[in-house]
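Asker: Before I ask anything, let me first share the structure, which is written out below as structure tokens.
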Amino acid sequence: MARIVVLGAGFAGLWAALGAARKRDKTGAPDVEILVVDRNPYHNIRVRNYEVDTSEAVIPLVEVLDPVGVQHRVAEVLGIDPLKQHVSVTTGRGSEVIAYDRLVLALGSQLVRPAIPGLASNGFDIDTYAAAVRLEAHLAALGGQADAEGRATVVVVGAGFTGIEVATEMPGKLKKAGLSANQRTILVDPNPIVGETFGENARPIVREALAALGVETRLNARVTAVDTNTVTLSSGEIIPTRTVVWCGGMRASAVVQAMDVERDRLGRLHVDRFMRLTGTSNIFAAGDVASCVVDGEHSSVMSCQFARPMGRFAGNNVVADLIGQPMLPLQIDWYVTVLDLGSWGALHTVGWDRQLHTFGAAAKATKQIINQQRIYPPRTGVRADILAAAAPTVQKPPPTARR
């Protein structure tokens, strides 16, 4: 029996596995095994890790993979040997080697953590579901302690997409933890402008939301040290705080960075329009580990907006390639961003230049549709529903009411 191994069960990996199962079902290729390997037994709706309530941010793999006959194994991926066509992993039982006929790399991205004194031992993040739960537990514990300087102060480092969402949601998180009194959220970034990558018309919206929510900013500043009670900035300012949340950028999985192939500045592998790794014949890649030109001009962005269709096409094509059928090229002719701004609302931009589309309550409704419905697999447990959702197609842009 031929084996397709999918490494990772994030947005790209889950949908690659489901896309492969759909293609296997459509072509009547029962002698193809599909195996997903991930360090967790669940799929994390990673883009919800910043929210006040993360209870719906995980979906057990048994719920979506078992109904369509996809095998899954909990293991940590250590390395890949393309010549021997096997993957080295470690489990609770020790090290193992998994052989493959076709491989789909979908190990995602990881937070960049620089060697700042004290950051590793005193910092928090939301890079994974486990990290998000750890932050929630930390805030809840602070809520049960006596009032002290810095107890209700959170310093968020990095004013990119994730950092802004964490900072604007933080007042709600602090309220939930019983830290409403004297709360402060401070957003730190080395750039002179918050939301610099957003369009000229969109940046004032971000500033307005931060001001309305009481989120302070420290721009043109870097963190130089973190300890249990303070964070020190390059400006010389020392901020009393018990909570530093690091949101300082992403890079592709360290496993793919160890491969002897060309990568981009984010450590991503170059793939063609069929999601096949450049220079190989039996390895595909999708999501945050892969860079694909999606419209003839622009490369994919590290986001579920691209990871999900990349995964579906990779899954379809890996089976098609295995059984000798034509593969389908991926073409995505639209790009949007919908930035959550906490209780203030949200910001919706369109196009690669991120032109303002709508904001406030209307954009918030769109964000909730995306986070709570659009990016979820069917949870009915019905095989036909799950396979239908895995079709190699690109969804239309999310609908929204114009302001």
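The values are calculated or read from the model by the stated rules, or taken from the named source; none is laboratory data. All of these numbers come straight from a predicted model, not from anything done at the bench. In this analysis, Cβ positions are derived from the backbone assuming ideal geometry, glycine residues included, and neighbour counts consider all displayed protein chains. The protein model used for the area step is the full one, side chains on, heavy atoms only, and it has no ligands, DNA or RNA in it. Shrake-Rupley method; radii C 1.70, N 1.55, O 1.52, S 1.80 Å.
Asker: Quick check: the distance between the Cα centres of segment 180-200 and segment 314-371, to the nearest angstrom?
Answerer: About 24 Å separates the Cα centre of segment 180-200 from the one of segment 314-371.
Asker: On average, how much area does the Cα convex hull of segment 59-142 cover when viewed from any direction, in nm²?
Answerer: Answer in nm², one decimal: 8.7.
Asker: While we're on this one: Along its three principal axes, how long is the chain when you only count alpha carbons? Whole Å, largest extent first please.
Answerer: Computed over the chain, the largest-to-smallest principal extents equal 64, 51, 40 Å.
Asker: Below 8 Å, C-alpha to C-alpha, sequence gap of six or more: please give me the relative contact order for segment 1-136 in percent.
Answerer: Details: 230 pairs, mean separation 39.8, N = 136.
Relative contact order comes out at 29 percent.
Asker: OK, next. To the nearest whole percent, what portion of all C-alpha pairs in segment 1-70 is separated by more than 18 angstrom?
Answerer: Values: 947 of 2415 pairs.
Summing the P(r) tail past 18 Å for segment 1-70 gives 39 percent.
Asker: Mind jotting down the three principal axis lengths of segment 1-140 based on Cα atoms? Whole angstrom, largest first.
Answerer: Cα spread of segment 1-140 along its principal axes, largest to smallest: 52, 33, 25 Å.
Asker: Right, another one. For the chain, what is the number of Lys pairs with C-alpha distance below 27 angstrom, counting only pairs 8 or more positions apart or on separate chains?
Answerer: Summing the qualifying lysine pairs gives 11.
Asker: Would you work out what percent of the accessible area of segment 4-158, with all protein chains in place, is carbon or sulfur (probe 1.4 Å)? Display every interim value, and only then the final one.
Answerer: Working: 3130 of 6140 Å².
The C+S portion of the solvent-accessible surface of segment 4-158 is 51 percent.
Asker: Place a +1 charge on the Cβ of each Lys and Arg in segment 25-83 and a -1 charge on the Cβ of each Asp and Glu, then give the dipole magnitude about the Cα centre in debye, rounded to the nearest 20.
Answerer: Values: 5 positive and 11 negative charges, 24 e Å.
In total the dipole reaches around 120 debye.
Asker: Averaged per residue, what accessible surface does the chain expose to a 1.4 Å probe, in Å²?
Answerer: 42 Å²
Asker: Moving on to the next point. What percent does the relative contact order of segment 56-117 come to when contacts are Cα pairs within less than 8 Å and at least six residues apart? Spell out each step's value before the answer.
Answerer: Values: 46 pairs, mean separation 10.8, N = 62.
It rounds to 17 percent for segment 56-117.
Asker: How big is the Cα convex hull of segment 139-209 in projection, averaged over all directions, in nm²?
Answerer: On the way: hull surface 20.3 nm².
Taking a quarter of the hull surface, the average projection is 5.1 nm².
Asker: Roughly what angle does helix 304-323 make with the longest principal axis of the chain, taking Cα atoms, 0 to 90 degrees, to the nearest 10?
Answerer: Taking Cα atoms only, the helix is inclined about 10 degrees.
Asker: With the full set of protein chains in place, find how many percent of the accessible area of segment 175-252 is carbon and sulfur; take the probe as 1.4 Å. Spell out each step's value before the answer.
Answerer: On the way: 1780 of 3690 Å².
Roughly 48 percent of what the probe reaches on segment 175-252 is carbon or sulfur.
Asker: Here's a follow-up. Sorted by mean Cβ packing within 10 Å, highest first, what order do the peptides 197-204, 113-120 take? Display every interim value, and only then the final one.
Answerer: Values: 197-204: 16.2, 113-120: 14.2.
Listed from highest to lowest mean packing, they are 197-204, 113-120.
Asker: Right, something else. Provide the three semi-axes, in whole Å and in decreasing order, of the ellipsoid equivalent to segment 106-153 as defined by the square roots of 5 times the Cα gyration tensor eigenvalues. Don't skip to the answer; put the middle values down first.
Answerer: Numbers: eigenvalues 128, 46, 8 Å².
Rounded to whole Å, the semi-axes are 25, 15, 6.
Asker: What is the angle, in °, between the Cα long axis of helix 203-212 and the longest principal axis of the Cα atoms in the chain? Nearest 10 is fine, range 0 to 90.
Answerer: 50 degrees
Asker: On to the next question. Under a Cβ-Cβ cut-off of 10 Å, what is the net charge of the residues other than Phe284 that fall near it, where Lys and Arg count +1 and Asp and Glu count -1? Could the numbers behind the result be given before it?
Answerer: On the way: positive: Arg102, Arg276; negative: Asp272, Asp321.
It works out to a net charge of 0.
Asker: For Met1, Met327, Met250, give the ranking by accessible area with the largest first, probe 1.4 Å.
Answerer: On the way: Met1 155, Met327 40, Met250 60 Å².
Accessible-area ranking of Met1, Met327, Met250, largest first: Met1, Met250, Met327.
Asker: Next question, about the same structure. Around Leu328, under 13 Å between beta carbons, what's the net of Lys plus Arg minus Asp minus Glu among the other residues? Can you show the working numbers first?
Answerer: Details: positive: Arg22, Lys23, Lys26, Arg273, Arg276, Arg312; negative: Asp272, Asp321.
Neighbourhood net charge equals +4.
Asker: How large is the charge dipole for the chain, taken about the Cα centre, if only the Cβ atoms of Lys, Arg (+1) and Asp, Glu (-1) carry charge, to the nearest 20 debye? Spell out each step's value before the answer.
Answerer: Numbers: 41 positive and 39 negative charges, 109 e Å.
Computed charge dipole of the chain: roughly 520 debye.
Asker: Using just the Cα positions, wrap segment 90-194 in a convex hull and report its mean projected area in square nanometres, one decimal place.
Answerer: Values: hull surface 42.1 nm².
Computed as one quarter of the Cα hull surface, the answer is 10.5 nm².
Asker: Leaving ligands, DNA and RNA out of it, report the carbon-plus-sulfur percent of the accessible area of segment 320-403 at a 1.4 Å probe. Walk me through the numbers before you get to the answer.
Answerer: Values: 2190 of 4010 Å².
Reported share for carbon and sulfur atoms: 55 percent.
Asker: Express the relative contact order of segment 216-310 as a whole percentage, based on alpha carbon pairs under 8 Å and six or more residues apart in sequence. Before the final figure, lay out each step's value.
Answerer: Working: 123 pairs, mean separation 13.7, N = 95.
Value for segment 216-310: 14 percent.
Asker: Quick one: angle between helix 161-176 and the longest Cα principal axis of the chain, in degrees between 0 and 90, rounded to 10, please.
Answerer: Between the helix axis and the principal axis of the chain, the angle is about 60 degrees.
Asker: For every other residue with a beta carbon closer than 15 angstrom to the beta carbon of Thr54, add +1 if it is Lys or Arg and -1 if Asp or Glu, then tell me the sum.
Answerer: Values: positive: Arg46, Arg48, Arg134, Lys173, Lys176; negative: Glu51, Asp53, Glu56, Asp125, Asp127, Glu136, Glu165, Glu169, Asp340.
Result for the local shell: -4.
Asker: Would you look at the GNM of the chain, springs on alpha carbons closer than 10 Å, and say which of Thr393, Thr230, Thr280 moves the most?
Answerer: Most flexible of the set in this elastic network: Thr280.
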